[in-house]
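Here is the structure we will look at, set down as structure tokens.
The values are calculated or read from the model by the stated rules, or taken from the named source; none is laboratory data. Bear in mind the structure is a predicted one, so any value in this text is a computation, not a measurement. FYI the Cβ positions are ideal-geometry reconstructions off the backbone, even for glycines, and counts take in every protein chain you see. Each accessible area value is taken on the protein alone, full model and side chains, heavy atoms only, with ligands, DNA and RNA left out. Shrake-Rupley method; radii C 1.70, N 1.55, O 1.52, S 1.80 Å.
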Amino acid sequence: MRLSAKSRFAVAAMIDLALRESSGPVPLNSIGQRLQISLSYLEQLFSKLRQQGLVESTRGPGGGYTLGRSAQLISVADIIRAVEGPRGLQADEAGDTGEAGWQLTRDLWSGLNSRMMEHLQGIKLLQL
């Protein structure tokens, strides 16, 4: 099980957005400058976040992004699922142990992944 850079950047960007959205839509370039993430990478992440309703975009001068719903209702698991897809934190099927090793430990890793996602579901953006 591994938390990808994509997930880490998405969570950090969502925290940045939540901290600043009270003053209006937050431009991606300002998030990128603060977090040292390229604008093109943020655009890819925010496209996925927007598709899942976690953020909303405003075009034009003064435009940018706002949260799609209250920070109390957005969990870390929601963010990870948005950018990683439905598999979230699941490990590669063969993993580092090879196919035979994966078959022997599949239930262990599957259960651990489920518990991790349950834990992350309980952590809300507002808390961060």
Within the stretch 1-49, can you find the residues that are farther than 30 Å from Arg115 by Cα and of a type in the set (S, T, N, Q)? Ser22, Ser23, Asn29, Ser30, Gln33, Gln36, Ser38, Ser40
Being at pLDDT below 95, in a helix (DSSP H, G or I) and open to solvent by 50 Å² or more (accessible area, probe 1.4 Å) is the requirement here; does Arg87 meet it? no
Spot the failing condition for Ala94; the list is (1) of a type in the set (A, V, I, L, M); (2) surrounded by fewer than 18 Cβ atoms within 10 Å (Cβ to Cβ); (3) at pLDDT 95 or above, and only one is missed. (3)
Of those in the stretch 24-55 that are in contact with a Lys or Arg (Cβ under 8 Å, 6 or more places away or on another chain) and not in a helix (DSSP H, G or I), the residue most open to solvent (accessible area, probe 1.4 Å) is Gln52
How many residues of the stretch 1-23 are within 17 Å of Val76 (Cα to Cα) and either more than 16 Å from the chain's Cα centre (by Cα) or in a helix (DSSP H, G or I) (or both)? The answer is 15
Residues being modelled with pLDDT of 95 or more and in contact with an Asp or Glu (Cβ under 7 Å, 6 or more places away or on another chain) - total across the stretch 7-49: 4
Scanning the stretch 59-83 for residues that are at pLDDT below 95 and open to solvent by 60 Å² or more (accessible area, probe 1.4 Å), the one nearest to Ser22 (Cα to Cα) turns out to be Gly62
